[in-house]
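S.K.: So that we are looking at the same thing, I have put the structure below in structure tokens.
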Amino acid sequence: MRSVAGHILIYLGIFFVMAGTLGLFRYRNFYARILLSSQIDTVGFLTLMAGVIIRSGFNFFSAKILLICLLGLIISPLNTHVIARSAYRSGYKLEKDDKNAP
Amino acid sequence: MIDYIAMILLASFAFLILIRIFLGPTIWDRLLGLNLLSPKIIMLIVLYSLMTDRTYLLDVAIVFALLSFVSIIFIARFVQGKGNIL
């Protein structure tokens, strides 16, 4: 029962990663792409780690994975913010004739 | 067997993001691709260490997360204000 729930959560995380990766090729706007990257970074990452924790049970292994989750939760939005700030300050403007702009 | 399928799917998505890094017109697109590639490698390491029951491989994942953090922040601060280098 616990193994089945873990497998379902792992494949749900892989589905979120797939949605974010296909969105990278779907949008032509840079800031829309950087918005979609949060889907891979936080949602897919945390769902897959939750599946791994449920499958392995409560021991030393899952405590280490919890540390990786905490690290990813702090680091990934910081990276995205720094890249968007660097692009905006350097004058990376939006394209004018963009039909896919949100 | 079901872990092998998950790892193959993750590796194919990492390959798609490599194509995005090659195609990216400016350096910020390449930085975004590097930022998206590092969580996928961490997921692959975690799935492999779950599959083979080796706890010490998780230290590699922690070190990889910290290294991606340092490299992306320093490259982005270096490029800021200078325009498109590559």
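S.K.: All but one of (1) modelled with pLDDT of 90 or more; (2) at the interface with chain A (Cβ under 9 Å from one of its Cβ atoms) hold for B:THR55, so report the exception by its number.
M.R.: Of the numbered conditions (1) modelled with pLDDT of 90 or more; (2) at the interface with chain A (Cβ under 9 Å from one of its Cβ atoms), the odd one out for B:THR55 is (1).
S.K.: Then there's this: Quick check, is B:PHE64 of a type in the set (Phe, Trp, Tyr), in contact (Cβ under 8 Å) with a residue 12 or more places away in the chain and either more than 7 Å from chain A (Cβ to nearest Cβ) or under 16 Å from A:GLY72 (Cβ atoms) (or both)?
M.R.: Taking the combined requirement at face value, the residue satisfies it.
S.K.: Taking the range A:2-60, which residues are more than 10 Å from every other protein chain (Cβ to nearest Cβ), within 17 Å of B:ILE41 (Cα to Cα) and β-branched (Val, Ile, Thr)?
M.R.: Correct list: A:VAL43, A:THR47.
S.K.: Look through A:SER3, A:SER90, A:SER38, A:SER76 and report the one residue that is of a type in the set (S, T, N, Q) and without any contact (Cβ under 8 Å) to a residue 12 or more places away in the chain.
M.R.: Working: A:SER3 fails: without any contact (Cβ under 8 Å) to a residue 12 or more places away in the chain; A:SER38 fails: without any contact (Cβ under 8 Å) to a residue 12 or more places away in the chain; A:SER76 fails: without any contact (Cβ under 8 Å) to a residue 12 or more places away in the chain.
On inspection, the qualifying residue turns out to be A:SER90.
S.K.: Checking the condition among the hydrophobic types (A, V, I, L, M, F, W, C), touching a helix residue (DSSP H, G or I) at 6+ places or on another chain (Cβ under 8 Å) and without any contact (Cβ under 8 Å) to a residue 12 or more places away in the chain, which residue from B:PHE69, B:PHE15, B:PHE74 passes?
M.R.: B:PHE69
S.K.: Looking at A:SER38, A:SER76, A:SER90, which one is under 25 Å from B:ILE62 (Cα atoms), small (Gly, Ala, Ser) and surrounded by fewer than 19 Cβ atoms within 10 Å (Cβ to Cβ)?
M.R.: On the way: A:SER76 fails: surrounded by fewer than 19 Cβ atoms within 10 Å (Cβ to Cβ); A:SER90 fails: under 25 Å from B:ILE62 (Cα atoms).
Just one listed residue meets the conditions, A:SER38.
S.K.: Could you tell me which of the residues B:VAL46, B:VAL63, B:VAL70 is assigned to a helix (DSSP H, G or I), modelled with pLDDT of 90 or more and crowded, with 18+ Cβ neighbours inside 10 Å?
M.R.: Testing whether each residue is assigned to a helix (DSSP H, G or I), modelled with pLDDT of 90 or more and crowded, with 18+ Cβ neighbours inside 10 Å leaves just B:VAL46.
S.K.: Show me the helices (runs of 4 or more DSSP H) entirely contained within the range A:1-74 in which 1 or more residues are closer than 30 Å to A:GLY91 by Cβ.
M.R.: Ranges flagged: A:2-26, A:30-38.
Results for (1) of a type in the set (D, E, K, R); (2) part of a helix (DSSP H, G or I); (3) more than 8 Å from chain A (Cβ to nearest Cβ); (4) in contact with a Phe, Trp or Tyr (Cβ under 9 Å, 6 or more places away or on another chain), shown as yes or no for each residue.
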| site | (1), (2), (3), (4) |
| --- | --- |
| B:ILE8 | no, yes, yes, no |
| B:PHE13 | no, yes, no, no |
| B:ILE21 | no, yes, yes, no |
| B:ILE41 | no, yes, yes, yes |
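S.K.: Among residues belonging to the range A:64-73 that are facing chain B (nearest Cβ under 10 Å) and without any contact (Cβ under 8 Å) to a residue 12 or more places away in the chain, point out the one that is nearest to A:SER3 (Cα to Cα).
M.R.: Within the range A:64-73, the match that is nearest to A:SER3 (Cα to Cα) is A:LYS64.
S.K.: Can you pull out the residues in the range B:30-86 that are aromatic (Phe, Trp, Tyr) and within 15 Å of A:PHE61 (Cβ to Cβ)?
M.R.: Pass one, the range B:30-86, residues aromatic (Phe, Trp, Tyr): B:48, B:56, B:64, B:69, B:74, B:78.
Listed by number, the residues that qualify are B:TYR48, B:TYR56.
S.K.: Out of the residues in the range B:23-33 that are surrounded by 15 or more Cβ atoms within 10 Å (Cβ to Cβ) and hydrophobic (A, V, I, L, M, F, W, C), which is farthest from the other protein chains (Cβ to nearest Cβ)? Quick ask: steps written out before the conclusion?
M.R.: Our first condition is that a residue be surrounded by 15 or more Cβ atoms within 10 Å (Cβ to Cβ); within the range B:23-33, this holds for B:24, B:26-33.
So of that shortlist, the ones also hydrophobic (A, V, I, L, M, F, W, C) come out as B:27-28, B:31-32.
Working: B:ILE27: 9, B:TRP28: 4, B:LEU31: 5, B:LEU32: 6 Å.
In this case the residue turns out to be B:ILE27.
The values are calculated or read from the model by the stated rules, or taken from the named source; none is laboratory data. These numbers come from a predicted model, not from an experiment. Note that each Cβ is placed from the backbone with ideal geometry, even for glycine, and that neighbours are counted across all protein chains shown.
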